[in-house]
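Engineer: The structure follows.
The values are calculated or read from the model by the stated rules, or taken from the named source; none is laboratory data. Remember, predicted model here, so these are calculated numbers, not experimental data. Quick reminder, even Gly has a Cβ in these numbers, built from the backbone with ideal geometry, and neighbours come from all protein chains shown. What goes into the accessible areas is simple: the full protein's heavy atoms, side chains included, and nothing from ligands, DNA or RNA. Shrake-Rupley method; radii C 1.70, N 1.55, O 1.52, S 1.80 Å.
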Amino acid sequence: MSKVRFTETIFRDAHQSLMATRMKTDEMLPIAEKLDNVGYHSLEVWGGATFDASLRFLNEDPWERLRKLRRTIKNTKLQMLLRGQNLLGYKNYPDDVVEEFVKKAIYNGIDIIRIFDALNDTRNLKTALKTTKEAGGHAQTAISFTTSPVHNTDYYLKLAKEMEEMGSDSICIKDMSGILLPYNAYTLIKKLKETINIPIQLHSHFTSGIANQTYMKAIEAGVDIIDTALSPLGNGTSQPATEPMVAALEGSGREPEFDLNKLNEIAEYFAKIRDKYQNEGILKDKVLRVEPKTLIYQVPGGMLSNLVSQLEQQGSIDKFQEVLEEVPRVREDLGYPPLVTPMSQMVGTQSVFNVILGERYKMVPSEIKNYVKGLYGKSTVEIKDNIKEKIIEDEKVYTGRPADLLEPQLANYRDEIREYIEQEEDILSYALFPQVALRYFQYRQAQRYNIDNDLLNKEDKTYPV
Ligand code: CO
């Protein structure tokens, strides 16, 4: 079997998971060349929450970050995470915006785009996948991994086959909650290898304390690529740490030809950055712990803490256990959506409402109504009529591809910010995060013309971290 390939996540998921996505471009560039020379399969450097966080907290242009990294990292492939038709935002965008975004990401330096949909509705992956390939990029589609009576091996095999037939260059099993267990991973990967011919990558989080065992069994089953993060920002709610994973493979015949001393040298650089953010209180001790409760309730770690704070705000923390038991029931009612953004927040809120109001679906957030109406895509299992009726009464359910309902928008966005445009990419920043991008453009202009502006040091604190 071939060597295990590694994707290093320290410039994206690792600092997103552990330190609120706050790593700055200036902290990345000095070490980028060394990372480039390790021999990684790819470096995940962009997408996810990094785009929003650059504009919102760091007064940085994410496009400029990408170009700077591309200029420094000459050998290793650069990778990003994209939420299908939602891009990096929280709603569906029309196809013209998705196409332009993907083209510009590749033009500015991205090689591999990992595309996923919270509902695993492949219609939401189509436009991004097609455009990535047309623009010369590597299109990796990701399966949002979850467990339920219907999310069994056959379900994942069928989905992976469909993704291969759609033209995916590789697939990723995206275990965002860290709940994929070692022996289940073994069976799943083994069968996937018999079913599809494209490379298989595994992405997990150490949250529940199991992910490195899962990686080992996945490697035994023949997984091609794994996601890890260098030790200073590895483990905890981040990916399993890179160096121990590399060392653990010695003697397997699949170990990569990495120089552990070189990795150690790079790790020392990041240890200083970690310490700095830990001292500032941005990296909290809590995210470094292991949370096995995730395995019992099958609820992602972030969702657990959100439920606690929602209940605390309402003075109903005594209802925590009841809410935890309500979550799987709501999830079943809604056709077993994977608990990933935005479904995790939606299912959590509905569960809190159901318990606190003492009557199920007495109050329903509009997002849940839209989901039941089909506006996010297709649920894994069809929602039962009596639940539908409770939530949307006799309103019609849309069964088409959600983005087909949307008119082209790019020209409108361009008109709205005409006076600020310095690069075509600005239109996309604005399309994704209108207020945040506008504030950044004003800051940029003020800085350029030396205008004294109180925006210079302003941080928008409204963002839920
Ligand atoms: Co992740």
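Engineer: Would you mind computing, in nm to one decimal, how far apart the modelled labels at Lys272 and Ile317 are, each placed 7 Å from Cα along Cα→Cβ?
Structural biologist: About 4.0 nm separates the two model spin labels.
Engineer: Mind checking which helices in the chain clear 15 Å along their axis (Cα) and have mean Kyte-Doolittle hydropathy of 0.5 or more, DSSP H runs only?
Structural biologist: 343-356
Engineer: Looking at this model, which pairs from Lys158/Lys378; Lys319/Lys396; Lys293/Lys362; Lys158/Lys193 are more than 23 angstrom apart at the alpha-carbon?
Structural biologist: The answer is Lys319/Lys396; Lys293/Lys362.
Engineer: Work through the residues other than Thr399 whose Cβ is under 14 Å from its Cβ and net out their charges, Lys, Arg +1 and Asp, Glu -1.
Structural biologist: It works out to a net charge of +2.
Engineer: So if R0 is 60 Å, what FRET efficiency would Lys284 and Asp385 give, r being the distance between their Cβ atoms, rounded to the nearest 0.05?
Structural biologist: The pair Lys284/Asp385 has a calculated efficiency of 0.85.
Engineer: Taking a virtual spin label 7 Å from the Cα of Lys193 along the C-beta vector, which residues in the range 215-231 bring their backbone nitrogen under 13 Å of it?
Structural biologist: Only 216-225 pass the distance filter.
Engineer: Let me ask you something else. Excluding Leu192 itself, what net charge comes from residues whose Cβ is under 12 Å from its Cβ, given Lys and Arg +1 and Asp and Glu -1?
Structural biologist: Charge balance in the 12 Å sphere: +1.
Engineer: Which of the residue pairs Lys74/Lys217; Lys3/Lys262; Lys77/Lys126; Lys126/Lys217; Lys104/Lys190; Lys190/Lys286 have a Cα-Cα distance greater than 26 Å in the structure shown?
Structural biologist: In this structure, Lys74/Lys217; Lys126/Lys217; Lys104/Lys190; Lys190/Lys286 exceed 26 Å between Cα atoms.
Engineer: Given a 1.4 Å probe and every protein chain left where it sits, what share in percent of the accessible area of the chain is carbon and sulfur?
Structural biologist: 48 percent
Engineer: When the scattering of the range 189-256 is computed by the Debye formula from its Cα atoms alone, each counted once and equally, what is log10 I(q)/I(0) at q = 0.14, 0.18 Å⁻¹?
Structural biologist: Treating every Cα as an identical point scatterer, log10 I(q)/I(0) equals -0.41, -0.66.
Engineer: Please give the contour-minus-distance gain from Glu325 to Lys34: 0.36 nm per residue of separation, less the Cα-Cα distance, rounded to one decimal in nm.
Structural biologist: Once the chain is fully extended between Glu325 and Lys34, it gains 100.0 nm.
Engineer: On to the next question. So what is the calculated 222 nm ellipticity per residue for the chain, using -39500 (n - 2.57) for each DSSP H run with n of 4 or more, over all residues, to the nearest 500 deg cm²/dmol?
Structural biologist: For the chain, the value works out to -14000 deg cm²/dmol.
Engineer: Give me the orientation-averaged projected area of the Cα convex hull of the chain, in nm², one decimal.
Structural biologist: 22.1 nm²
Engineer: If a paramagnetic tag sat 7 Å from the Cα of Asp259 along the Cα-Cβ line, which residues of the range 34-49 would have the backbone N under 14 Å from that point?
Structural biologist: Answer for the range 34-49: 34-40.
Engineer: Using a simple charge model, +1 on the beta-carbon of Lys and Arg, -1 on the beta-carbon of Asp and Glu, nothing else, what dipole does the chain show about its Cα centre, in debye to the nearest 20?
Structural biologist: Dipole of the chain, to the nearest 20 debye: 360 debye.
Engineer: Which FRET efficiency, nearest 0.05, do Tyr90 and Tyr183 yield, Cβ-Cβ r, R0 35 Å?
Structural biologist: The formula returns an efficiency of 0.50 here.
Engineer: At 0.36 nm per residue, minus the direct Cα-Cα distance, what do Glu64 and Leu375 gain on full extension? Give it in nm, one decimal, please.
Structural biologist: 108.6 nm
Engineer: Now for a different question. Label points 7 Å out from Cα along the Cβ direction at Lys74 and Val150: separation in nm?
Structural biologist: Using points 7 Å along Cα→Cβ, the separation is 5.2 nm.
Engineer: How many Å² of accessible area per residue for the range 66-117, probe 1.4 Å?
Structural biologist: Averaged over the residues of the range 66-117, the accessible area is 33 Å².
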